[in-house]
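Accompanying notes for the structure given below.
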Amino acid sequence: MTYTTGVLDILVIEDHIGDYILIEEYLGEEHLDIKLTRAATFQEAKDKLVNTHNYKVVLLDLSLPDVENNETLVKNMVSLSTNIPIIVLTGFANKEFGVKTLSLGISDYLLKDELNAPQLAKSIFYSIERKNIDLKLSESERKYKALFDFSPYPMWVLDKHTLEFLKVNDAAIKLYGYSTNEFLSMTVRDLWVSEIKEEIQSIWQENYHEKFNTSVKHLKKDGSIIHVEILSNPIDFDGRAARITQIKDITGQKDAEQALKHSEKRFKALVQDASDLIMIMDFAGNLTYVSPSSKQMTGVSDIEMIKNNFFYYIHEEDLKSVKENMLKLHEKKRIKIPIYRIKTANNKWRYIETIITNLSEDPIVNGLVANSRDITEFIKQENKLIDSLKRYDIVAKATSDTITDYDVVNDKMYYNEGLESIFGYSKNDIENTGAWWNEKLHPEDRERVRSYSEDVKNAKSGNIQIEYRFRCADGSYKYVLDRSYLIKDEKTNTVRIIGAMQDITEIQNYIQTIEDHNSRLKDIAWTQSHVVRAPLARIMGLVDLIQSYPNIDEQSQLLKHINTSARELDDIIRNITRKTEDATLKPR
Amino acid sequence: MLKVLIIDDDDIVRLVQGKLLQNSNFTKEPIKFKRASEAVEYLNSASNEHHYLLMLDINMPIMNGWEFLDEIEKMTIKENVYVLMVSSSIDYNDKEKAKKYNKIINFIEKPITSKNCEQLKELPILKPFFPQPN
């Protein structure tokens, strides 16, 4: 058995020179390169050990002149030669004590009487190796202990069965606020908040012999609650069945998560419950999100709608403009697509306007966010208005009406071309004031029109319908039927009067003609009835006379009178017929 | 005594009315006038011992029935005069106008019949002139 690694330094503590020489001989047989140092007394050995640190092994004879008590000697030696194995050489009589020295930290003991070279070499070799292993072991233990003690994560060791704290580290003390002693008088159950006690108990039971991780809520000493993630492993702790648990405080993380959840919920609500339709798509119109309001707006559910491309829903005629608008998103962050039509579930169209924001750069959204508003009702109203204005324009042109627009507040009156074509006023004649118009009214009608207009202004109804005479440029008067509409402000003051002056002169003249004819016919009828009745009355009188008095004289003369009167009546009737025909209205 | 005057421009009407008045025993001698002016003359010189019933046509040339009535108002014997307006056709205007003349005791639309005569005799104002035959 040989050493190949350098010089083997050995301290031999032996007061007996003979024994020392003997040891030197034995060692010489086995080792080529050894260096022996001899100490004859404890004091000498002590000096050498304090000054020199190269000894690989110490050989110690227990019978030294300056130490009485062997046990004291051994203890002192062990403490002096930390990390150096000590082999005790002893006489046969001290065998028992030799065995005892092992428990005091001695590597081996050899009986001097039985000593031989191989035995000594073997013992030295084993002692050195064992000491090396011991050193490594204690170094490793030291390292692990440091890992536990100085870990930034709170850790503790619990009794596997009772869950009593056996050891806690500084981080745990700092986090929970309990001192080491307080911890060691507690079990981990004291940390569990009541609401999770059952849950954590069952997790622990299920994993009694296993490692497990879970998240729980713990109570701190100050009563506040913390969220922690725990990782727990079964270990052997100084021979005791135990668990080592590592704690990670995730309270801050939980709070942040909760805050995020709330914020997410809020935004979700904004998107999902809003009446606006929210869509997320790419430039090709592929949809990645459609808000549930699609159902309300188009009758197509969000789940259905997302199956098709955005462009699929757009009216053919609007598609080009929508696509052109979307291309602007390459340069602008946000664009507005004014008015276009999208298809509904029952194949009708809704008018919408959309604001698209390009959030392609945003990794969470990664697309174009389209916010659409239904403006169908608005468009319908607008179309109605346009139609009515168009109709009004057409009507104004088609009729001979003169359209007036009186701005009451500013006393400004405007006319269409009717004032020129019907009443003969040239543009230069017309003054745009209410007074100018008033002055054109027939003097006999002026007061009536004024008071009627006042009445209407004060009444709830905003319609005027009145007839009057209006002077033409040539001084003649035309009969006018005026239909006006009063526009009121929110305080019900009349601010504008829109009117149509219809020239009813011809009608009025016609009516006059009819009335004239009527009265003439009435005249004729009245006169003629008298004329007619005269001969008739005579005939009746004659007949009555003859009937009442059958024996009346000159009967033939009376009959002759009847005849004459009858002829007269006949003539008159023919005459009336002729006259009436003459008086019949001639078409204009 | 009640004297009955027929004032009408129509010859046949005067003839018929005259015969009717005689035959109905209304009067023995009806006094006939073609012109109202003639009747005015007659009445102006008439005695106020008598009463006069005038059967007056409204529509007459020169002086019509209304003008004649105005003349009567000027007469001294106007209290003794009763007027029966007679017309071939009576309209609303005539009736309104008649309200102004208290002389008018009735309106008759031509022709006057025998039945009319009997009714006239029963009028309270005329009845005294027609004693009931016992």
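No value in this document is a laboratory result; all are computed from the given coordinates. These numbers were taken from a predicted model, which means no experiment stands behind them. Cβ: placed from backbone, ideal geometry, glycine included. Neighbour counts: every protein chain shown.
Could you work out the helix-only [θ] at 222 nm for chain A, with each DSSP H run of four or more residues adding -39,500 (n - 2.57) and the total divided by the number of residues, to the nearest 500 deg cm²/dmol?
Numbers: 18 runs with 267 residues, N = 588.
Result for chain A, helices only: -15000 deg cm²/dmol.
Using R₀ = 35 Å, calculate the FRET efficiency as 1/(1 + (r/R₀)^6) where r is the Cβ-Cβ separation of residue A:103 and residue A:215; round to 0.05. Computed FRET efficiency for residue A:103 and residue A:215: 0.15. Loop-resident GluC sites (Glu not before Pro) (DSSP state other than H, G, I, E or B) in segment A:289-343 with no more than 16 further Cβ atoms inside 10 Å of their Cβ: A:331.
Approximating the spin labels as points 7 Å out from Cα along Cα→Cβ, the residue A:96-to-residue A:432 distance works out to 14.0 nm.
Treating r as the C-beta distance of residue A:130 and residue A:189 and R0 as 35 Å, the FRET efficiency rounds to 0.20. Put a plus charge on the Cβ of each Lys and Arg, a minus charge on the Cβ of each Asp and Glu, and nothing anywhere else: the dipole of the protein assembly as shown about its Cα centre is then about 3360 debye.
Stick to the Cα atoms of segment A:496-588, pair each with every other, and give me the Kirkwood hydrodynamic radius in Å at one decimal.
Values: mean 1/r = 0.0586 Å⁻¹.
About 17.1 Å for segment A:496-588.
Which shape class applies to segment B:80-134: rounded if a/c is under 1.5, otherwise prolate when a/b exceeds b/c and oblate if not, where a ≥ b ≥ c are the square roots of the Cα gyration tensor eigenvalues? Since a/c reaches 1.5 but b/c is at least a/b, the shape of segment B:80-134 is classed as oblate. Farthest towards the positive end of the charge dipole of the protein assembly as shown, among the residues A:363, A:111, A:547, is the Cα of A:547, using unit charges on the Cβ of Lys, Arg, Asp and Glu.
Among the trypsin sites (Lys or Arg not before Pro) in segment A:282-365, which ones are in a DSSP loop with at most 13 other Cβ atoms within 10 Å of the Cβ? Mind listing them? Answer by residue number: A:307, A:332, A:333, A:348.
Can you give me the relative contact order of chain A as a percent, contacts being Cα pairs under 8 Å and 6 or more apart? Intermediate results must be reported in sequence, preceding the final value.
On the way: 840 pairs, mean separation 31.0, N = 588.
Relative contact order, chain A: 5 percent.
Per residue of chain B, the DSSP helices (runs of n ≥ 4 H) give a summed -39500 (n - 2.57) that works out to -10000 deg cm²/dmol at 222 nm.
Under the classification rounded if a/c is under 1.5, otherwise prolate if a/b is larger than b/c and oblate if not, where does segment A:18-103 fall, given a ≥ b ≥ c as square roots of the Cα gyration tensor eigenvalues?
Numbers: a/c = 1.59, a/b = 1.20, b/c = 1.33.
Here segment A:18-103 falls in the oblate category.
Placing a label point 7 Å from the Cα of residue B:9 along the Cα-to-Cβ direction, the residues of segment B:27-56 with a backbone N closer than 18 Å are B:32-41, B:55-56. Two numbers describe the Cα atoms of the protein assembly as shown: Rg and Dmax, which are 72.9, 222 Å. Tell me whether chain B comes out rounded, prolate or oblate; compute the Cα gyration tensor, take square roots of the eigenvalues as a ≥ b ≥ c, and use a/c under 1.5 as the rounded threshold. Rounded, since a/c falls under 1.5. With a cut-off of 17 Å on the backbone N, the residues of segment A:344-360 near the modelled label site 7 Å out from residue A:386 along Cα-Cβ are A:349-353. For the pair residue A:52 and residue A:137, a Förster radius of 25 Å applied to the C-beta separation gives a FRET efficiency near 0.45, rounded to the nearest 0.05. Think of segment A:157-218 as a dipole: +1 on every Lys or Arg Cβ, -1 on every Asp or Glu Cβ, centred on the Cα centre; then among A:187, A:177, A:163, A:177 lies furthest on the positive end. Once the gyration tensor of the Cα atoms in segment A:125-284 is diagonalised, the equivalent ellipsoid follows with semi-axes of 44, 21, 15 Å, ordered largest first.
Exactly which GluC sites (Glu not before Pro) in segment B:22-63 are in a DSSP loop and have at most 13 other Cβ atoms within 10 Å? Provide the component values of the computation, followed by the final result.
Numbers: sites: B:38, B:41, B:49; in loops: B:49.
Listed in order of number, the matching sites are B:49.
Suppose every K and R has +1 on its Cβ and every D and E has -1 on its Cβ; what is the size of the dipole of segment A:126-252 about the Cα centre, in Debye to the nearest 20? Mind dumping the intermediate values first?
Numbers: 18 positive and 20 negative charges, 66 e Å.
The dipole magnitude comes to about 320 debye.
Exposed loop sites here are chymotrypsin sites (Phe, Trp or Tyr not before Pro) assigned a DSSP state other than H, G, I, E or B and surrounded by at most 16 other beta carbons within 10 Å; excluding them, the longest clear run of chain A is A:284-588.
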